[in-house]
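Bear in mind that the values in this text are calculations on the coordinates, not laboratory data. Since the model is a prediction, treat every value here as computed from it, not as a measurement. So basically every Cβ, Gly included, is an ideal-geometry build from the backbone, and we count neighbours across all protein chains shown.
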Amino acid sequence: MLLYLLGVFIPPLAILLYGKIVYAAFNALLWTYAILTPGMTGMMLWVVASLHASHIIYNARMSGIKH
């Protein structure tokens, strides 16, 4: 549950804690772009990065990886 919360505020770190380096790198690019983009577009990109992190964490948990 704590990783999902971390996935909302710092999505790349949450993915990286599961050892998904490629997904974390992609999410870091998306999250950085969201931070640098002002206005509603930046907020929507942040939501996309958070949803991506939640999806990766959920799939990792369902595949049997324990952390």
- request: Report whether or not G19 is outside any helix (DSSP H, G or I), out of contact with any Cys (no Cβ under 9 Å at 6 or more places or on another chain) and within 25 Å of S63 (Cα to Cα).
  value: yes
query: (1) under 11 Å from the mean Cα position of the chain (by Cα); (2) surrounded by 13 or more Cβ atoms within 10 Å (Cβ to Cβ); (3) of a type in the set (A, V, I, L, M): which one isn't true of L5, the others all being true?
result: (2)
- line: From the option list Y18, Y33, single residue qualifying as touching a residue at least 40 places away in the same chain (Cβ under 8 Å) and touching a Leu at 6+ places or on another chain (Cβ under 8 Å) is Y18
- request: Within the range 48-67, count every residue that is surrounded by fewer than 12 Cβ atoms within 10 Å (Cβ to Cβ) and part of a helix (DSSP H, G or I).
  value: 1
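If I ask for residues that are without any contact (Cβ under 8 Å) to a residue 12 or more places away in the chain and part of a helix (DSSP H, G or I), which ones from the range 36-47 would you list?
L36, G39, M40, T41, G42, M43, M44, V47
Within the range 10-32, count every residue that is exposed (fewer than 15 other Cβ atoms within 10 Å of the Cβ) and closer than 14 Å to H52 by Cβ.
Residues flagged as exposed (fewer than 15 other Cβ atoms within 10 Å of the Cβ) and closer than 14 Å to H52 by Cβ within the range 10-32 amount to 4.
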